[in-house]
Every structure is written in C-alpha cells, then in structure tokens.
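First the structure, in the form of structure tokens, and then the observations on it.
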Amino acid sequence: MIATSHILPTLGRGSYQLSATRRIAFGLALAIAVSLANADSPHVGSPKRVSERVLQLVNAARTHGRRCGYETFRAVAPVRLSGTLESAARDHVHDMAAHNFFEHTGSDGSSPTERLARTGYRWRLTGENIAYGPTSPEEVVRGWLASPGHCENIMEPRFTEMGVAYAVGSTRGNPVYWDQTFAVPRKSKL
C-alpha cells in the first residue's frame with residue numbers, strides 16, 4: 001500500500017508578505033506528495049537521535065546556497081536545537097496523531113504562534129513545517145527541501161533555533177506526523 005506525505009509551511013507575525021508568484025509557488029507546494037511504502041509499524045528512531053539527525057541535515061543544507069522555488073538563498077549560518085521549540089513541536093505532533101488530523105491549526109484551534117506562547121518562548125520570528133508520512137529524518141528533510149515554502153523556512157537566514165518532533169499515529173498503517181518549528185528568540189537581533 002502507498003501512503004502520501006503532505007508538507008505545509010507557515011511563518012508567524014513579523015514575516016514577509018508573499019508575492020503573487022510566491023503564492024502560486026506555495027499553492028503548488030501544497031500539492032507536492034512524496035510516495036513511500038507503507039509499513040505496519042514504522043520505526044523512526046529515538047527522539048534525541050531524530051532531532052540530532054534532522055539538525056545535521058538542515059545545517060548541511062544551510063551551508064550551501066540553494067533555490068527554493070523562485071527564491072534563491074545564499075549559504076546561511078547553522079541553527080541550534082531548542083528544547084522549548086521541540087516541546088511545542090512535540091505537543092503539536094501528539095495532538096495530530098491523537099486526533100487523526102494534519103494541519104497547522106491544533107485540535108483546540110491554536111496556531112503555531114499560540115503554541116509557542118504556551119511554552120513561554122518569546123520569539124521575534126517563527127516558522128513551522130509539518131509533514132505526514134515520511135519514516136526517517138532523511139526522507140522528511142528531503143521532502144521539505146523539495147517544497148519551495150518549506151525550503152524557504154529551512155533557508156531563512158534570520159532563524160537561529162529549531163525544534164523538531166514526530167509522533168506515530170494509531171490509525172491504519174501507523175502514519176508518522178512531523179513538526180519542525182524555527183524561531184528567532186526575542187532577545188536576538190534580526
């Protein structure tokens with residue numbers, strides 16, 4: 001059986017406005033699907049190892065200039081893991097897995113920025129990538145980099161911190177839900 005991976009980006013307040021061309025590219029990115037074989041009980045790995053591997057892959061991507069849709073990015077500084085951002089990401093993936101849904105808005109109506117506020121994290125700029133289906137850090141990062149909006153979040157030069165989490169759903173096929181949250185702490189300069 002084949003499952004589909006869906007990947008959606010979002011930027012919080014303080015972000016830039018999307019041009020018409022970028023809105024079209026974003027719309028096309030929403031349609032991107034990555035097919036993978038569906039396993040009965042996927043084993044992604046320990047949360048700590050997964051976070052470290054995603055960080056390694058993201059920072060490797062950030063060391064090279066790249067094109068994300070119509071936007072060109074230069075190489076940018078690495079991001080570091082944040083336990084607080086990871087907590088917000090973990091809460092959201094567990095919510096999606098427990099309630100069998102896939103979107104940026106939580107089952108309680110919360111936005112990504114509201115979930116960050118709940119953790120006490122004070123941010124100046126934030127972005128979120130989510131995914132459904134990939135069963136490894138390599139697969140999820142590859143999918144995000146292939147999608148213009150997600151790639152833009154990964155390559156955003158102002159982001160300095162990242163948290164990532166996954167949860168395995170209990171519905172048929174045990175789908176894997178992912179959340180990657182980026183931010184610039186309020187105390188930082190943009």
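The values are calculated or read from the model by the stated rules, or taken from the named source; none is laboratory data. Fair warning: this is a prediction, and the values are worked out from it, not measured in the lab. For neighbour counting, all protein chains shown are included, and Cβ atoms are generated from backbone atoms with ideal geometry for every residue, glycine included. The protein model used for the area step is the full one, side chains on, heavy atoms only, and it has no ligands, DNA or RNA in it. Shrake-Rupley method; radii C 1.70, N 1.55, O 1.52, S 1.80 Å.
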Candidates Ser15, Ser110 - the one that is at pLDDT below 90, farther than 20 Å from Glu139 by Cβ and not in a helix (DSSP H, G or I)
Ser15
Test: Gly169 is open to solvent by less than 10 Å² (accessible area, probe 1.4 Å) and under 21 Å from Arg67 (Cβ atoms)
no
One residue from Ala33, Ala88 being at pLDDT 95 or above and on the phi < 0 side of the Ramachandran plot
Ala88
Does Ala117 fit the bill of being open to solvent by 10 Å² or more (accessible area, probe 1.4 Å) and aliphatic (A, V, I, L, M)?
yes
Which of the residues spanning region 83-114 are without any contact (Cβ under 8 Å) to a residue 12 or more places away in the chain and surrounded by 17 or more Cβ atoms within 10 Å (Cβ to Cβ)?
Ser110
